[in-house]
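What follows is a set of notes on a single structure, which appears directly below.
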Protein chains: 2
Amino acid sequence: MKVLLIDDDIELASMLSEYIHSQGFDVECAHDGEQGLALALENKHDLILLDVMLPILDGFEVLKQLRATSLVPVIMLTAKGDDFDRIFGLELGADDYIPKPFNHRELIARIKAITRRIEHINHSQPKQELEFANLTICMQSRSASAQGHPLSLTGTEFAILHLLLQEPGAVISKEQISEQVLGRRLAPYDRSIDMHVSNLRKKIAEHIENERIRTIRGAGYVLIGDA
Amino acid sequence: MKVLLIDDDIELASMLSEYIHSQGFDVECAHDGEQGLALALENKHDLILLDVMLPILDGFEVLKQLRATSLVPVIMLTAKGDDFDRIFGLELGADDYIPKPFNHRELIARIKAITRRIEHINHSQPKQELEFANLTICMQSRSASAQGHPLSLTGTEFAILHLLLQEPGAVISKEQISEQVLGRRLAPYDRSIDMHVSNLRKKIAEHIENERIRTIRGAGYVLIGDA
DNA sequence: GAGGCACGTAAAGGTTGTGTAAAGGTGTCG
DNA sequence: CGACACCTTTACACAACCTTTACGTGCCTC
């Protein structure tokens, strides 16, 4: 876990840096906006601590330019306490904002709050079971069922149903289906997807009366529930 | 996007709730720790705003029990300003911490900072929904509704409504509509746009009495609200 | 007020996307 | 090899959709 600290107060920076390091993070420092931005753009840090008052480029400018290409988490630090700065920073894409002077432990707590959030999401493996509107699939057993009755689907049909179940209610285009399910770009006049959907519908209809896969002409297909 | 607000100050809660709602979030409220925890455990909220001082169970206790099973983002609110509370909350697993009194806009900015982060990591694109004067559209599901009633629009009608909703109150010329929606320059004597707008109006009028798409002779169309 | 222009809209016609049966192709397994 | 399961292509039908046509209305100009 590598942190980039951008602060022009060299004494504070070195103190902070030492403290953060003692808490188990690697720290790199920059003391002006230009240098900081350059380091940040190397994309090798997991989190950036960014002072607002900086020589050459101020913190907001650094954040703005950084956000043009990078989603790295940023915590802003500032001596100023006023609301406007805080809001401005957050709306520019900062993840958090700590007014100076701050308790070192709070800084660590906030760093951990953000990294914890990221870890949790990254480590949450994709769901193994999906369910919507009486349709369920289980990835482990590669089985699907409608209204509790098992469906005997071909691999492609299963993959399409899986894709639709990942975002029920969202329109999935044929291009998307072709690329994700068949692994190739959709060619003009290619009717494979239509056929697979047709067959899938037929199998679902054996157990569920209502429409489940709705066609959005010119856009794709959507999984829908009742009503 | 659904927010759960847990705060025992009923007046403040209703004010806040209204403001948050006006920023495009659904809000549910609880006024003590027990009720709040019960609602939170239903797992149907995307973010929780949690006051620290609460009757029955205090905010920390709610957070602790919630974190035993749920990773839902939590922002703590507190009247107390001392470091210890902040750090304690963050270390218990809160995502953020805002001391009362806070600027409402800052709250929204922090809510958005957290949801933005989560969306980026999940690779899920933010919900694109537009709303004006009882007309709403959802890009994901490519669906539209008037006064809550679903509209069954053709692709072109949907695209026109989308264009109008992007700048409610602004005049959109037929040239613009033709180029952006139909993908071609507007030819003389081409009446397609007029027809699409006419049909769109008809469908909207089934559910909304008042005029919504006003013609500006010689200039184009505007989306208008009541009064 | 006559003429021109922009617009509203019903109806007709043409185009395109989609549903699906059937046939053809490919790979696997006994 | 034949049987089988699966995917793709072909072909046709149809419905949804878009555009054009035609006629009507209201506004502006001269």
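Extension gain, B:PHE84-B:GLU34: 0.36 nm per intervening residue step, less the Cα-Cα distance, totals 15.6 nm. Largest mean-square fluctuation among A:ARG201, A:ARG105, A:ARG191, in a Gaussian network model of chain A whose springs join Cα atoms under 10 Å apart, belongs to A:ARG191. Remark on segment A:90-166: Rg and Dmax equal 21.3, 64 Å (Cα only). Placing a label point 7 Å from Cα along the Cα-to-Cβ direction at A:ASP46 gives distances to the equivalent points in the other copies of 2.7 nm, listed shortest first. If you wrap segment B:141-194 in the convex hull of its Cα atoms and look at it from every side, the mean projected area works out to 4.3 nm². Summarising the overall dimensions of chain A from its C-alpha atoms, the Rg and Dmax are 25.3, 73 angstrom. Can you tell me the orientation of helix A:10-22 relative to chain A, as the angle in degrees between its alpha-carbon axis and the longest Cα principal axis, to the nearest 10? That helix lies at roughly 50 degrees to the long axis. Each eigenvalue of the Cα gyration tensor of segment A:186-227, multiplied by 5 and square-rooted, gives one semi-axis; in descending order these are 21, 13, 5 Å. Here the ratio of the Cα radius of gyration of segment A:16-148 to 2.2 N^0.38 Å is 1.43.
Helical content of the protein assembly as shown, expressed as a calculated mean residue ellipticity at 222 nm, amounts to -12000 deg cm²/dmol (DSSP H runs of 4 or more residues, -39,500 (n - 2.57) each, divided by residue number, nearest 500). For segment A:2-123, a simple Cβ point-charge model (Lys and Arg +1, Asp and Glu -1, everything else neutral) yields a dipole of about 540 debye relative to the Cα centre. Copy-to-copy label distances for A:THR154, where each label lies 7 Å from Cα along Cα-to-Cβ, are 3.4 nm in order of increasing length. Hydrodynamic estimate: the Kirkwood radius of segment A:169-210 over Cα pairs, inserted into Stokes-Einstein at 20 °C and 1.002 mPa s, corresponds to D of 188 µm²/s. Over the protein assembly as shown, one equal point on each Cα, no solvent: what is log10 I(q)/I(0) by the Debye formula at q = 0.09, 0.10, 0.11 Å⁻¹? These q points yield log10 I(q)/I(0) values of -0.79, -0.95, -1.09. Could you give the Stokes-Einstein D for segment A:129-223 in µm² per second, using the C-alpha Kirkwood radius, 10 °C, 1.306 mPa s? In µm²/s, the coefficient rounds to 119. With a simple spin-label model that places each label point 7 Å from the Cα along the Cα-to-Cβ direction, the separation between A:LEU163 and B:GLU167 comes to 3.6 nm.
Would you mind checking the tilt of helix B:155-166 against the longest principal axis of the Cα atoms of chain B, expressed as 0 to 90 degrees and rounded to 10? The answer is roughly 60 degrees.
Note on segment A:4-81: semi-axes of the ellipsoid equivalent to its C-alpha gyration tensor, largest first and rounded to whole Å, are 18, 15, 10.
Using a 7 Å projection from Cα along Cα-to-Cβ, the label point at A:ASP194 is separated from the same position in the remaining copies by 3.4 nm, smallest value first.
Values in this text are rule-based calculations from the coordinates and carry no lab data. The model shown is predicted, which means the values in this text are computed figures rather than measured ones. Here Cβ is always computed from backbone atoms with ideal geometry, including for glycine, and neighbour counts include all displayed protein chains.
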